[in-house]
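Here is the structure we will look at.
The values are calculated or read from the model by the stated rules, or taken from the named source; none is laboratory data. Treat the numbers as computed from the prediction; the structure is a model and nothing was measured. All Cβ positions, glycine included, derive from the backbone under ideal geometry; neighbour counts span all protein chains shown.
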Amino acid sequence: MTDLREPASGPVLEIRDFSVAYRTQAGDVRAVDHVGIDMNRGEVVGLVGESGSGKSTLAYGAARLLRPPALITSGAVIYHGRRTERSADILRLTPDELKHLRWREIAMVFQSAMNALNPVLSVRSQLVDVIRVHLRVSRNEAEDRAAQLLDLVGIPRARLKSYPHELSGGMRQRVMIAMALATGPEIVIMDEPTTALDVVVQRDILAQIVELKEDLRFSILFITHDLSLLLELADRIAVMYAGKLLEIGSAQAIQHEASHPYTKGLLNSFPSLRGQRRELAGIPGSPPDLRNPPPGCPFLPRCGYGRDDCTRVSMTLAPVTGAAGLGHVTACPFVGPGTPAHPVPAGTEGVTS
Amino acid sequence: MTGAGAAGGEGSAGARTGEVRSAAAARGPLALEAIGVGKDFRTGPGQVLHAVRDVSFSLYRGGVVALVGESGSGKSTAARLLAGQERLTTGLIRLNGEPVDLSARRAFRRYKSQVQLVFQDPFASLNPVHTVRYHLERPVRLQQGTRSRQPAGQEIVTLLEQVRLTPADQFIGKYPHELSGGQRQRVSFARALAARPSVLLADEPVSMLDVSIRLEMLSLLDDLRRRFQLAMLYITHDIASARYFADEVLVMYAGRIVERGPAEELTQRPAHPYTQLLVASAPDPDNLGGMLRGAGPPSHPGAGSGGQRLPQAGSAASAGCPFSPRCPLAEDRCRRENPAPQRVSAARSAACWRLDVAAPDVLAGQRGGEATAS
């Protein structure tokens, strides 16, 4: 296995001006619309958004895992691997180069382990398969490596013989993680890896992921709809809505100096278990139809701060005025961290009892 | 028992539940009682799964009781038992003080009109080939009675307005696939309300929805509870939402209720080791970067070992406490004998032999010392 502990600075992935459309008879659905974000080495970048916000499309598109009717319509995805000689635009790789890149450099952990694992193959054969497809090793070496991988994710080696249906949900998800780490990738994309699990198991697996990341020095793109989880887990958080990034900032900045009205609304949407009971507001309404997106800011119909200018904003990310840290950017030119909390539009009230 | 005067029938229910008065009791009269309810499933020759064991609680008009537990804890089976979807193996259900016998068709119908169930997945619970009107028309007609010549239309519009699907005529002709997840769940609520129930059993009603929509749906449920004085059972795996939404929280583990108490008190000072683990595991936004710094809650035996399969509801029909294999405080007695619920305050109880170690602060706050004597 190549040692990844060498230089540890600079971006490992740069997504620039990236767009994906789903071509349908009723017109293009602009699922990802001119999105740009960098990932640094060893960083956990959280991508948060509601269902249909384009967060999975962005991640899968960047790894070129989408099939028609999905079309990449603009942008570049530059990968700076430590094992590869020079940087490459993933969007321009040949099928052979792509095959090398996938899993070897960029691996994935899918949400539903039950569907992602093959039900008729044992854990051993699935792990050995992955290793032998991507690394040139003998069958014995691959078997050894499979056993080591199970140690890594805390599953007894005896489970190599098990089939997916014999494992609990948490264990299946651990097998998925083992599989993603099988080839020592630099980037692991995790798409809601713990959403289907109970909280106790979830916390346990997340702690393990972080530990593995520290040991093996990979970067994580963590996709979830649960902002509260990201605040605890991620270094940086990108907030996605209707195919666009609305705000990017450190976990700290997002929690204490959230700037975009949507981020503010999200923060005010989940009940917290600890501390004072807060008055919660939620966000009324639902996301726009991406076949026919409204001009300007897509959040306008649900925004408590909306004004006429909002239909003309360019939706480019600009530094938050007065932000403590660099790199805290927002797409909303009108509302900042200091603007008072989400005004609740008429007709909705918070949960009180 | 101090709360015996609250409502008829309270006493007998309370006698089996560790002598506590439900925090929901102050909301209104007693509606539905589960008394020592249990359900076994035969899983193979000579194998029995005790999905629900000796569960007792009461629902009061206008009050919300949350049933919290992980998947496989038996919480959904408990809801199905109360809804009359499954036959009880043991125990008794009483509605408005009357024992319920669902074997007779008419009694079953009458019961169903009083007690309605809302499911988790609004995609699966609505028929994709039928419109919103069709989904609501049948329960409305059943409610009006077969002889009624009254058109159902007006009633359907009223129902849609009650769940804030307005303007109603825009939604009435739509098919489920034309609605968002939140809108579909509103239709499910409207369908449940069509029978004019007094009890609403909501099985994870918001877990399938996006975070930004959940709160609005809970606020809608809250509004309906108040408006129709509904007695509500809110089943969830999210103990934080139970804190905000419920009056009383019941924590279920492996088919049993292991702790119960007023929502705020229980979530802020959990007494049972399982509840403590549950609370410690919930995402904590104030613990910024906590996982990265390795400063999460202390790793928990059983939770951390990874290789061990978590217990399903009552799968191992052992005599001891079901949580004992994962419990850091377990001792011999815990593995031998299942603890009965012990009262820790007027409205709280927990089923644990080692409460004095697990929650000394909670015990210290109790009134008098009679609860510790078993």
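The table for this structure:
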| quantity | calculated |
| --- | --- |
| Top-ranked residue of the range A:264-279 - restricted to ones that are over 19 Å from B:Glu264 (Cα atoms) and among the aliphatic types (A, V, I, L, M), ranked as surrounded by the most Cβ atoms within 10 Å (Cβ to Cβ) | A:Leu266 |
| Unique match (being of a type in the set (Gly, Ala, Ser), in contact with a Leu (Cβ under 8 Å, 6 or more places away or on another chain) and on the phi < 0 side of the Ramachandran plot) among A:Ser286, A:Ser250, A:Ser269, A:Ser259 | A:Ser269 |
| In the range B:204-213, residue farthest from the other protein chains (Cβ to nearest Cβ) [restricted to those that are surrounded by 24 or more Cβ atoms within 10 Å (Cβ to Cβ) and within 17 Å of the chain's Cα centre (by Cα)] | B:Pro205 |
| Residue match in the range A:132-144 (condition: within 14 Å of chain B (Cβ to nearest Cβ), over 15 Å from B:Pro283 (Cα atoms) and not basic (Lys, Arg)) | no |
| Criterion (under 25 Å from A:Ala196 (Cβ atoms), modelled with pLDDT of 85 or more, among the acidic types (Asp, Glu) and surrounded by fewer than 18 Cβ atoms within 10 Å (Cβ to Cβ)) met by exactly one of A:Asp144, A:Asp129 | A:Asp129 |
| Check on B:Ser73, outside any helix (DSSP H, G or I), crowded, with 19+ Cβ neighbours inside 10 Å and of a type in the set (Ser, Thr, Tyr) | yes |
| Any pair with Cβ under 9 angstrom, 6 or more apart, that starts in the range A:150-172 at a residue that is within 11 Å of another protein chain (Cβ to nearest Cβ) and ends at one that is of a type in the set (D, E, K, R) and part of a loop (DSSP other than H, G, I, E, B) | A:Leu167/B:Arg309; A:Ser168/B:Arg309; A:Gly169/A:Asp198; A:Gly170/A:Asp198; A:Gly170/B:Arg309; A:Met171/B:Arg309 |
| Every residue from the range B:214-233 that is in contact (Cβ under 8 Å) with a residue 12 or more places away in the chain and within 11 Å of another protein chain (Cβ to nearest Cβ) | B:Arg214, B:Glu216, B:Met217, B:Leu218, B:Leu220, B:Leu221, B:Asp222, B:Arg225, B:Arg226, B:Met232 |
| Candidates A:Leu245, A:Leu197 - the one that is of a type in the set (A, V, I, L, M, F, W, C), touching a residue at least 60 places away in the same chain (Cβ under 8 Å) and either surrounded by 21 or more Cβ atoms within 10 Å (Cβ to Cβ) or within 11 Å of chain B (Cβ to nearest Cβ) (or both) | A:Leu245 |
| The range B:245-290 - residue that is at the interface with another protein chain (Cβ under 7 Å from one of its Cβ atoms) and either under 14 Å from the mean Cα position of the chain (by Cα) or modelled with pLDDT of 90 or more (or both) and, of those, nearest to B:Leu220 (Cα to Cα) | B:Phe245 |
| Residue in the range B:138-150 that is modelled with pLDDT of 90 or more and more than 22 Å from B:Leu233 (Cβ to Cβ) present | no |
| Candidate set from the range B:165-203 (those that are among the charged types (D, E, K, R) and surrounded by fewer than 20 Cβ atoms within 10 Å (Cβ to Cβ)); member that is farthest from the other protein chains (Cβ to nearest Cβ) | B:Arg196 |
| Failed condition for A:Gly27, given (1) without any contact (Cβ under 8 Å) to a residue 60 or more places away in the chain; (2) surrounded by fewer than 20 Cβ atoms within 10 Å (Cβ to Cβ) | (1) |
| Single condition A:Arg92 does not satisfy, out of (1) surrounded by 15 or more Cβ atoms within 10 Å (Cβ to Cβ); (2) basic (Lys, Arg); (3) within 25 Å of A:Gly54 (Cβ to Cβ) | (1) |
| Residue that is modelled with the lowest pLDDT, among those in the range A:305-343 that are closer than 23 Å to B:Arg214 by Cβ and either crowded, with 17+ Cβ neighbours inside 10 Å or touching a strand residue (DSSP E or B) at 6+ places or on another chain (Cβ under 6 Å) (or both) | A:His342 |
| Options A:Pro261, A:Pro288; residue that is surrounded by fewer than 22 Cβ atoms within 10 Å (Cβ to Cβ) and under 25 Å from A:Asp33 (Cβ atoms) | A:Pro288 |
| Filter result (in contact (Cβ under 8 Å) with a residue 12 or more places away in the chain and part of a helix (DSSP H, G or I)) within the range A:203-220 | A:Asp204, A:Ile205, A:Leu206, A:Gln208, A:Ile209, A:Val210, A:Leu212, A:Lys213, A:Leu216 |
| Any chance B:Gln308 is at pLDDT 90 or above and surrounded by fewer than 19 Cβ atoms within 10 Å (Cβ to Cβ) | no |
| Conditions (1) touching a Gly at 6+ places or on another chain (Cβ under 9 Å); (2) modelled with pLDDT of 90 or more; (3) part of a loop (DSSP other than H, G, I, E, B); number of the one not met by B:Leu329 | (1) |
| Members of the range A:263-303 that are at the interface with chain B (Cβ under 7 Å from one of its Cβ atoms) and farther than 30 Å from B:Thr267 by Cα | A:Ser286 |
| Those residues of the range A:30-46 which are within 14 Å of another protein chain (Cβ to nearest Cβ) and within 27 Å of B:Arg214 (Cβ to Cβ), in sequence order | A:Val44, A:Val45, A:Gly46 |
| Tally, over the range B:226-251, of residues that are in a helix (DSSP H, G or I) and over 19 Å from B:Glu264 (Cα atoms) | 3 |
| Residue in the range A:39-58 that is within 24 Å of A:Arg136 (Cβ to Cβ) and either surrounded by fewer than 16 Cβ atoms within 10 Å (Cβ to Cβ) or in the same structural domain as A:Ala178 (by TED's automatic domain parsing) (or both) present | no |
| Wholly enclosed helices (runs of 4 or more DSSP H) of the range A:42-146 bearing at least 2 residues under 30 Å from B:Ser207 (Cβ atoms) and in contact with a strand residue (DSSP E or B) (Cβ under 6 Å, 6 or more places away or on another chain) | A:55-62 |
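Conditions tested, residue by residue: (1) closer than 21 Å to B:Ala263 by Cα; (2) modelled with pLDDT under 80; (3) not in a helix (DSSP H, G or I).
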{"position": "B:Gly8", "(1), (2), (3)": "no, yes, yes"}
{"position": "B:Gly14", "(1), (2), (3)": "yes, yes, no"}
{"position": "B:Val20", "(1), (2), (3)": "yes, no, yes"}
{"position": "B:Ala23", "(1), (2), (3)": "yes, no, yes"}
{"position": "B:Ala26", "(1), (2), (3)": "yes, no, no"}
{"position": "B:Glu33", "(1), (2), (3)": "yes, no, yes"}
{"position": "B:Gly38", "(1), (2), (3)": "no, no, yes"}
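To keep it simple, each residue is scored yes or no on (1) aliphatic (A, V, I, L, M); (2) out of contact with any Ser or Thr (no Cβ under 8 Å at 6 or more places or on another chain); (3) within 18 Å of B:Gln85 (Cβ to Cβ).
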| position | (1), (2), (3) |
| --- | --- |
| B:Leu102 | yes, yes, yes |
| B:His130 | no, yes, no |
| B:Arg141 | no, no, no |
| B:Val157 | yes, yes, no |
| B:Ile172 | yes, no, no |
| B:Val187 | yes, yes, no |
| B:Arg191 | no, yes, yes |
